[in-house]
Amino acid sequence: MRTVDWAGDHVVIIDQTLLPGELRMVELRTVDEVIAAIRRMAVRGAPAIGVTGALGVALAAITAYRAGDGTERVRAEAGRIRAARPTAVNLAWAVDRVVARVDDGPAAVIAEAVGLLDADVSANRALAARGADLVQALVDGPAAVQTHCNAGALACVEWGTALGIVRALHERGAVREVFADETRPLLQGARLTAFELDQLKIPYRVVVDGAGPTVIARGLVDVVAVGADRVTANGDVVNKIGTYPLALAARQAGIPFIVAAPESTLDPTTPDGWHVTIEERDPGEVLAWGGVRSTPPGATAYNPAFDVTPAELVTAIVTEDRVIRPCAGDRV
């Protein structure tokens, strides 16, 4: 089942806010619905957001054509989609790629957007195989792997990045166990990664975010594998908040810290992670628990969605085409 797909004249997604309790497919028939789905994280994960944004431009082209509007309306709608989430570079990359076909007519726009679905699957399958080869070269025997957030099939179209590597290792009989960080405040690890690992019959344990570095320090894992929302020119990695402490712990413990990301997530135009706009989410996500306020009435919160892991802490970045070693001085 695909996380996101095209159904002839509209977009279909899995509503990830309902998992693992309910697997519900949702139809998106307007640009506003696409933007809302991205912002409320019904669809999430850099590759999946990018493809959804591209399909949103296809929706805009269909709507403009039916209304007799010109290409400027499509470009304006594309700009709104592009701005839905500022940190993940895949969204801007995919939208821009489809917008480049606007002057060729709606059919060309749709074909470009729909083509990204299969392209994402093939890219992440290749990435996963390359990453599995790397892990097996670095770790003797079946590996215990630590992950953060969700970088599985749900974050892509139908095959994951970091969890795609785990999946490829599992198919080779080379996974001993996975430790999945719960990933606050929306629990993408506990809800989504655990859901995928359960479906794949891979042994796993969920750990609270604060215990993540301790799992590494106690020698319970052999390698850390995470995804990315953006990788800058110098090899800095922007990923879900809580990634940076894992990289520090991995360096201290002397185990590999591997980032899995398709080439579309690499951003050679931005020099380093400190030039990336870091999205801040609603403080209410951490001031309340289960819909009930859990902090004093006057409390405020700092709720960044992402952090920056410096290049020198990154053992390798694995894409569908290559292995980059930022800690050795490689640049994107």
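The values are calculated or read from the model by the stated rules, or taken from the named source; none is laboratory data. On a predicted model such as this, the values are computed, not experimentally measured, just so you know. Positions of Cβ are generated from backbone atoms using ideal geometry, with glycine treated the same way; all protein chains shown enter the neighbour counts. Please note that ligands, DNA and RNA were not included when accessible areas were found on the heavy atoms of the full protein model with its side chains. Shrake-Rupley method; radii C 1.70, N 1.55, O 1.52, S 1.80 Å.
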Could you count how many residues in region 62-86 are surrounded by 20 or more Cβ atoms within 10 Å (Cβ to Cβ), modelled with pLDDT under 95 and either touching a strand residue (DSSP E or B) at 6+ places or on another chain (Cβ under 8 Å) or β-branched (V, I, T) (or both)? 0
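Residues are listed down the side, and each one gets a yes or a no for (1) modelled with pLDDT of 95 or more; (2) exposed (fewer than 13 other Cβ atoms within 10 Å of the Cβ); (3) within 19 Å of the chain's Cα centre (by Cα); (4) not charged (D, E, K, R):
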site	(1), (2), (3), (4)
P268	yes, yes, yes, yes
G290	no, yes, no, yes
G298	no, yes, no, yes
Y302	yes, yes, no, yes
T309	yes, no, yes, yes
D330	yes, no, no, no
Out of the residues in region 157-171 that are part of a loop (DSSP other than H, G, I, E, B) and either open to solvent by 20 Å² or more (accessible area, probe 1.4 Å) or of a type in the set (S, T, N, Q) (or both), state the one that is nearest to E263 (Cα to Cα). T161
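Of all residues in region 228-250, how many are buried (at least 23 other Cβ atoms within 10 Å of the Cβ) and either closer than 20 Å to N150 by Cβ or at pLDDT below 95 (or both)? So that I can check it myself, show each step before the final result.
Applying the first criterion (buried (at least 23 other Cβ atoms within 10 Å of the Cβ)) to region 228-250 yields 228-232, 235-240, 243, 246-247, 250.
Next cut, either closer than 20 Å to N150 by Cβ or at pLDDT below 95 (or both) only: 228-231, 237-240, 243, 246-247, 250.
Going through region 228-250 one residue at a time, the tally reaches 12.
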Checked V89, V11, V57 against criteria (open to solvent by less than 70 Å² (accessible area, probe 1.4 Å) and modelled with pLDDT under 95); the one match is V89
Pull out all pairs, ordered by first then second residue, where Cβ-Cβ is under 6 Å, the residues are six or more apart or on different chains, the first lies in region 231-244 and is polar (S, T, N, Q), and the second is assigned to a helix (DSSP H, G or I) and at pLDDT 95 or above. T232/G273; N234/A311
Quick check: is even one residue across region 14-21 surrounded by 19 or more Cβ atoms within 10 Å (Cβ to Cβ), outside any helix (DSSP H, G or I) and without any contact (Cβ under 8 Å) to a residue 60 or more places away in the chain? no
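Of everything in region 22-51 that's among the small types (G, A, S) and either buried (at least 23 other Cβ atoms within 10 Å of the Cβ) or free of Cβ contacts under 8 Å to residues at least 12 places away in the same chain (or both), which residue is farthest from E263 (Cα to Cα)? Explain how you work it out, then say what you get.
Let us first name the residues in region 22-51 that are among the small types (G, A, S), namely 36-37, 42, 45-46, 48, 50.
Filter once more, keeping what is either buried (at least 23 other Cβ atoms within 10 Å of the Cβ) or free of Cβ contacts under 8 Å to residues at least 12 places away in the same chain (or both): 36-37, 45-46, 48, 50.
Details: A36: 26, A37: 24, G45: 15, A46: 12, A48: 14, G50: 13 Å.
Here the residue is A36.
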Please verify whether region 111-133 includes one or more residues that are in contact with a Pro (Cβ under 7 Å, 6 or more places away or on another chain), open to solvent by 40 Å² or more (accessible area, probe 1.4 Å), touching a residue at least 40 places away in the same chain (Cβ under 8 Å) and of a type in the set (A, V, I, L, M). no
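Just to check your reading of the model, which residue among A174, A225, A211 is small (G, A, S) and buried (at least 21 other Cβ atoms within 10 Å of the Cβ)? Even if it seems obvious, please write down each step before you answer.
Numbers: A174 fails: buried (at least 21 other Cβ atoms within 10 Å of the Cβ); A211 fails: buried (at least 21 other Cβ atoms within 10 Å of the Cβ).
None of the others qualify; the one that does is A225.
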Open to solvent by 30 Å² or more (accessible area, probe 1.4 Å) and within 20 Å of the chain's Cα centre (by Cα): does that describe E320? yes
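Which count do you get for residues in region 251-265 that are surrounded by fewer than 24 Cβ atoms within 10 Å (Cβ to Cβ) and under 20 Å from A143 (Cα atoms)? Please lay out each step first, then the result.
Pass one, region 251-265, residues surrounded by fewer than 24 Cβ atoms within 10 Å (Cβ to Cβ): 251-256, 258, 263-264.
Next, from what is left, pick out any that are under 20 Å from A143 (Cα atoms): 251-256, 258.
Total satisfying the criteria: 7.
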